[in-house]
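Down below is the structure, laid out as structure tokens.
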């Protein structure tokens with residue numbers, strides 16, 4: 001039909017469907033290789049997110065922070081499993097901790113780290129202490145014993161190069177760096193909820209620095225357990241000898257690593273860094289934002305349960321760090337404990353689950369009102385006190401439970417009574433009922449109160465319903481026994 005005919009008849013032609021040009025995605029979707037590539041990318045991303053620390057890296061990279069809800073304080077351990085005894089090594093084998101390495105030292109000259117005493121309080125006859133603890137916190141480089149009224153930011157521990165250094169507390173790798181003019185290679189761990197040395201009845205956030213390392217392990221965002229190796233010692237950075245610089249500072253310090261002396265301060269005072277430390281420049285700032293790390297580790301404060309950070313518990317009084325405090329956990333006892341658990345007369349599945357050591361704190365009973373079904377109470381765990389060993393009594397409790405709970409749903413929970421040798425107490429005898437609380441997080445227990453009748457051959461089966469996305473730590477009262485943490489499936 002011509003245009004003139006169209007005008008004459010009054011009709012016009014029009015397409016019923018718009019013709020769409022195919023897009024690049026249309027062609028790709030018809031190719032099998034395209035879908036294979038898409039599925040491969042999804043599998044790669046999912047696999048990384050499901051890996052042990054994938055979510056931590058994800059939240060840090062995308063949202064700018066790392067989830068630390070699963071990090072629970074359960075005491076402290078020495079920063080070294082073992083060190084070399086410099087005198088025994090020199091006398092027996094001619095070794096020198098300032099020249100030779102950890103690997104060169106025979107096993108019979110390796111010892112636990114001695115009890116630390118600050119330089120000012122250390123006796124001149126303590127040859128081993130004076131040799132190993134070269135400079136104390138807030139001490140002076142120029143002091144004979146490393147003490148004095150200086151501004152040294154941590155404790156210097158003289159050990160052979162390559163000595164394995166371990167995490168003193170559960171934490172997360174906060175920062176890994178290399179400062180050639182300062183701490184050299186270093187690893188910093190963040191401990192989000194630990195007892196505050198100014199008042200151990202409340203929690204605070206602490207960062208630990210391991211400086212002058214020869215090697216550092218892990219990546220930022222990694223979760224580390226206490227006793228886990230985080231590096232080896234050396235003399236990197238501005239170090240005159242082989243040693244570990246151990247430093248603890250509060251998370252609200254102006255900088256990390258923290259130093260009370262800045263470049264501007266040095267310029268204004270016309271001092272070198274060493275001179276400023278010996279002169280105690282800005283010592284008041286140091287004492288405000290940092291504290292003696294070895295005294296803190298040796299204090300091994302009990303966990304503060306049921307209290308938020310910076311919340312004072314009624315009736316509590318500050319407990320200062322004491323140089324005589326020596327509750328440091330014995331690594332040898334820890335190893336014996338695990339061996340005893342392996343020998344416990346339990347089914348295979350239970351024995352394997354119990355190899356993952358629970359967070360157990362045995363303490364003297366405290367007077368608390370009976371618990372309600374869902375109410376949480378503030379509980380301050382007292383310092384460890386031994387329980388009387390007798391037939392039918394238990395000294396600890398192990399919990400067998402899944403790795404995570406789903407909020408609002410019941411999950412099975414099994415409690416096992418153990419004696420001090422790690423054996424199951426098959427015929428338990430206790431007159432005071434045990435009742436369950438949440439030391440951290442929120443949960444309901446069924447039944448909430450347990451008597452000897454609930455334990456069959458030393459084992460009691462119950463159930464728990466957790467709430468929210470906060471990690472749960474169960475406390476068995478009135479024994480103040482903390483069980484291992486249970487993570488929420490909704491935890492970020």
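The values are calculated or read from the model by the stated rules, or taken from the named source; none is laboratory data. Quick caveat: nothing in here was measured; it's all calculated off a predicted structure. Here Cβ is always computed from backbone atoms with ideal geometry, including for glycine, and neighbour counts include all displayed protein chains.
Structure above, values below:
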| item | result |
| --- | --- |
| Which numbered condition residue 461 fails, given (1) at pLDDT 90 or above; (2) crowded, with 20+ Cβ neighbours inside 10 Å | (2) |
| Candidates 239, 253 - the one that is in contact (Cβ under 8 Å) with a residue 40 or more places away in the chain, under 18 Å from residue 191 (Cβ atoms) and in a loop (DSSP other than H, G, I, E, B) | 253 |
| Lone unmet requirement of (1) in a strand (DSSP E or B); (2) surrounded by fewer than 17 Cβ atoms within 10 Å (Cβ to Cβ) for residue 232 | (2) |
| Failed criterion for residue 48 (all others in (1) at pLDDT 95 or above; (2) outside any loop (DSSP other than H, G, I, E, B) hold) | (1) |
| Filter result for the condition that a residue is closer than 25 Å to residue 225 by Cα and modelled with pLDDT under 85, over 492, 487 | 492 |
| Residues (surrounded by 15 or more Cβ atoms within 10 Å (Cβ to Cβ), touching a helix residue (DSSP H, G or I) at 6+ places or on another chain (Cβ under 8 Å) and not in a loop (DSSP other than H, G, I, E, B)) located in the range 78-110 | 83, 84, 86, 88, 89, 109 |
| In the range 429-458, residue surrounded by the most Cβ atoms within 10 Å (Cβ to Cβ) [restricted to those that are in a strand (DSSP E or B) and within 22 Å of the chain's Cα centre (by Cα)] | 439 |
| Yes/no for residue 446 being within 19 Å of residue 485 (Cα to Cα), free of Cβ contacts under 8 Å to residues at least 40 places away in the same chain and assigned by TED's automatic domain parsing to the domain that holds residue 482 | yes |
| Whichever residue in the range 385-402 is in contact with a strand residue (DSSP E or B) (Cβ under 7 Å, 6 or more places away or on another chain) and surrounded by fewer than 16 Cβ atoms within 10 Å (Cβ to Cβ) and, among such residues, is modelled with the lowest pLDDT | 385 |
| Which numbered condition residue 278 misses (of (1) part of a loop (DSSP other than H, G, I, E, B); (2) out of contact with any strand residue (DSSP E or B) (no Cβ under 8 Å at 6 or more places or on another chain); (3) over 17 Å from residue 173 (Cα atoms)) | (1) |
| Wholly within the range 138-199, strands (runs of 3 or more DSSP E) carrying at least 3 residues that are surrounded by fewer than 18 Cβ atoms within 10 Å (Cβ to Cβ) | 171-179 |
| Residue in the range 199-216 that is without any contact (Cβ under 8 Å) to a residue 24 or more places away in the chain and either more than 17 Å from the chain's Cα centre (by Cα) or on the phi > 0 side of the Ramachandran plot (or both) present | no |
| Pair list, Cβ under 8 Å, 6 or more apart: the range 419-442 residue assigned by TED's automatic domain parsing to the domain that holds residue 463, other residue surrounded by fewer than 15 Cβ atoms within 10 Å (Cβ to Cβ) and in a strand (DSSP E or B) | 433/449; 434/449; 435/449; 436/449 |
